[in-house]
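Visitor: Dropping the structure in here first, questions after.
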Amino acid sequence: MDQSTSQNSSQKPDQKILEINDLTVSFDGFKALNHLNFSMDAGELRVIIGPNGAGKTTFLDVITGKVQPTEGQVRFQGRNLRGIPEHRIVQLGIGRKFQTPRVYLNLSVRENLDLVCNRHKGVFSTLFGHASAGEKRNVAGLLETIGLDAKADLKAALLSHGEKQRLEIGMLVAQSPDLLLVDEPVAGLTDEETENVGNLLLALAKSHSIIVIEHDMEFVRQIARKVTVLHQGSVLYEGTMDEVQSDPRVIEVYLGEAPSITPHQMKLLRIMAAIAWADDSLSESEAQLIATRLSTWFSKNPDQQQHLQQELLNYIYQGGSIKSSINQVETVEEREQILKLAYTVVQFNTYPGESLINPEEKQAYDQLVGLLDLPVDRVEQIEAEVSNPLQSH
Ligand code: ADP
Ligand code: MG
């Protein structure tokens, strides 16, 4: 592709886009990265996985200059990045997409993109006198690439979580980075949006080098060619997804992290997560509410509850589904408890005094009620209990 050759024209032909040698990052003596070696060819799409605490975020922080190496070095297109400030590293061509979208909600999709393209113009058009028609085409091209041309004039606030993620990826691409770093782009997305984001990254990979950090294994399967597994600050394994998933060391590391919640409890969680995510947004307080209630439901031991809560929170952000989970819930008691918590979530509002029930959450709730198949009067009774907790005592 033309774009990729012109983009990497400053590079010697067989030079690595990123080369990391014997990199150690210590925090007060604790080695978040420990003699790590890594290299990547220009044009590669690389996925990095690893259990919590493996050092994935620190890995990105050190590439972007947010954190300095204690030992070792990071080379980008042959240049040692040591001591170069973050904003200069962006100018050198490394762009980072954070986990939560950072778009301007009050601006339209197009205006958000205009903004980054114009920032670009501020530097380049004064230098090279870019024509504005070219820029318009640029924004139009980006809109098409991220699949939001039909929503170009909609305020970003009205986009779904997945669409916001795609918009932010578009804003990053507008700055023409040579290397894109993307941190957990599909956390909390629906299956369909996950696939959209995957396809977008695959399309971008034709003209960019990309590193994606990800937990969602199905997604990793969709996009990954080569996977790097981090563990305790070092590279544990590198290979295709099939090789990674059958490597005994990788399996051991992941089994060591096996969840303490049971598969059945996971189903219950997935149902709650589906309701809470129905409006494509999940507030921290809503997530907390679900994690707290479920942990006290699953365990009577306060220590265990606390551990569970943390674990549940992680899973809540990964989204859920009602249909595939509901037939696993057999007892009437559990069905009633699910209904109760789901109704609490639907009634729950982030802003005190606000009494609006979110229509998408309500719709998901109604679907749940249908699937739970409880007697109508029992449903009404439970809803009344939730609405007026004092009267039930
Ligand atoms: P991951 O993203 O893979 O979950 P991190 O890179 O966030 O892992 O963290 C790796 C380890 O380094 C963790 O044990 C974490 O607690 C520790 N760590 C990360 N940042 C700091 C910091 N600023 N100070 C102290 N410890 C840190
Ligand atoms: Mg992290």
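Visitor: If I ask for residues that are of a type in the set (S, T, N, Q) and surrounded by 15 or more Cβ atoms within 10 Å (Cβ to Cβ), which ones from region 315-345 would you list? Walk me through how you get there before you give the answer.
Guide: As a first pass, look at region 315-345 and keep what is of a type in the set (S, T, N, Q): 318, 321, 324-325, 327-328, 331, 337, 344.
Matches in region 315-345: 318, 321, 325, 337, 344.
Visitor: In addition: Going by what's in this entry, would residue 36 be described as away from ligand 1 (no atom under 12 Å from the Cβ) and either closer than 20 Å to residue 25 by Cα or of a type outside the set (Phe, Trp, Tyr) (or both)? First the steps, then the outcome.
Guide: On the way: away from ligand 1 (no atom under 12 Å from the Cβ): no; either closer than 20 Å to residue 25 by Cα or of a type outside the set (Phe, Trp, Tyr) (or both): yes.
When the stated conditions are applied, residue 36 does not pass them.
Visitor: Right, next: Counting just the residues of region 55-87 that are within 15 Å of ligand 1 (Cβ to nearest atom) and among the charged types (D, E, K, R), which one comes out surrounded by the fewest Cβ atoms within 10 Å (Cβ to Cβ)?
Guide: Ranking the qualifying residues of region 55-87, first place goes to 66.
Visitor: Identify, from the list 72, 65, 95, 50, the residue that is among the small types (Gly, Ala, Ser), in contact with a helix residue (DSSP H, G or I) (Cβ under 6 Å, 6 or more places away or on another chain) and at pLDDT 95 or above. Step through it out loud before you land on a result.
Guide: Numbers: 72 fails: in contact with a helix residue (DSSP H, G or I) (Cβ under 6 Å, 6 or more places away or on another chain); 95 fails: at pLDDT 95 or above; 50 fails: at pLDDT 95 or above.
Being among the small types (Gly, Ala, Ser), in contact with a helix residue (DSSP H, G or I) (Cβ under 6 Å, 6 or more places away or on another chain) and at pLDDT 95 or above holds for just one of 72, 65, 95, 50, which is 65.
Visitor: Considering only region 56-78, I want to know if a residue exists there that is away from ligand 2 (no atom under 16 Å from the Cβ), touching a Ser or Thr at 6+ places or on another chain (Cβ under 8 Å) and among the aromatic types (Phe, Trp, Tyr).
Guide: From region 56-78, those away from ligand 2 (no atom under 16 Å from the Cβ) are 65, 68-78; that's our starting set.
Adding the requirement that they be touching a Ser or Thr at 6+ places or on another chain (Cβ under 8 Å) leaves 69-72, 77.
If we keep only those that are among the aromatic types (Phe, Trp, Tyr) as well, we get none.
Checked against the condition, which is being away from ligand 2 (no atom under 16 Å from the Cβ), touching a Ser or Thr at 6+ places or on another chain (Cβ under 8 Å) and among the aromatic types (Phe, Trp, Tyr), region 56-78 yields no hits at all.
Visitor: If you don't mind, another one. Looking only at region 358-386, which residues are within 17 Å of residue 290 (Cα to Cα) and at pLDDT below 85?
Guide: 358
Visitor: Oh, and also: Looking at 174, 156, 187, which one is of a type in the set (A, V, I, L, M, F, W, C) and over 21 Å from residue 279 (Cβ atoms)?
Guide: Values: 156 fails: over 21 Å from residue 279 (Cβ atoms); 187 fails: over 21 Å from residue 279 (Cβ atoms).
From the options 174, 156, 187, the qualifying one is 174.
Visitor: Hey, does region 219-235 have a residue that's under 20 Å from residue 117 (Cβ atoms) and surrounded by fewer than 17 Cβ atoms within 10 Å (Cβ to Cβ)? Lay out the reasoning, then the answer.
Guide: In the first step, residues of region 219-235 are kept if they are under 20 Å from residue 117 (Cβ atoms); the result is none.
The answer is no; no qualifying residue exists.
Visitor: Only one of 152, 174 is in contact with a Lys or Arg (Cβ under 7 Å, 6 or more places away or on another chain), over 26 Å from residue 315 (Cα atoms) and open to solvent by less than 10 Å² (accessible area, probe 1.4 Å). Can you tell me which? It would help to see each step written out before you state the result.
Guide: Numbers: 174 fails: in contact with a Lys or Arg (Cβ under 7 Å, 6 or more places away or on another chain).
On inspection, the qualifying residue turns out to be 152.
Visitor: Additional query: Select, from 322, 261, the only residue that is farther than 20 Å from residue 357 by Cβ and either among the hydrophobic types (A, V, I, L, M, F, W, C) or in the same structural domain as residue 225 (by TED's automatic domain parsing) (or both).
Guide: So the residue among 322, 261 that is farther than 20 Å from residue 357 by Cβ and either among the hydrophobic types (A, V, I, L, M, F, W, C) or in the same structural domain as residue 225 (by TED's automatic domain parsing) (or both) is 261.
Visitor: If you don't mind, another one. Hey, which of the strands (runs of 3 or more DSSP E) in region 203-311, taking only ones fully inside, have at least 2 residues that are over 30 Å from residue 367 (Cβ atoms), within 20 Å of the chain's Cα centre (by Cα) and away from ligand 1 (no atom under 16 Å from the Cβ)? I'd like the intermediate steps shown before the answer.
Guide: Working: elements: 209-213, 226-231, 234-239.
Passing ranges, in order: 209-213.
Visitor: A further question on this structure: I need the strands (runs of 3 or more DSSP E) fully contained in region 16-124, keeping only those with at least 2 residues that are closer than 30 Å to residue 284 by Cα and touching a Leu at 6+ places or on another chain (Cβ under 7 Å). Steps first, answer last, please.
Guide: Values: elements: 16-27, 30-41, 45-49, 71-76, 94-97.
Ranges flagged: 94-97.
The values are calculated or read from the model by the stated rules, or taken from the named source; none is laboratory data. From a predicted model like this one, the values you see are computed outputs, not experimental measurements. Neighbour counts run over all protein chains shown; Cβ positions are idealised from the backbone, glycine included. Side chains are part of the model used for accessible areas, which takes the heavy atoms of the whole protein and leaves out ligands, DNA and RNA. Shrake-Rupley method; radii C 1.70, N 1.55, O 1.52, S 1.80 Å.
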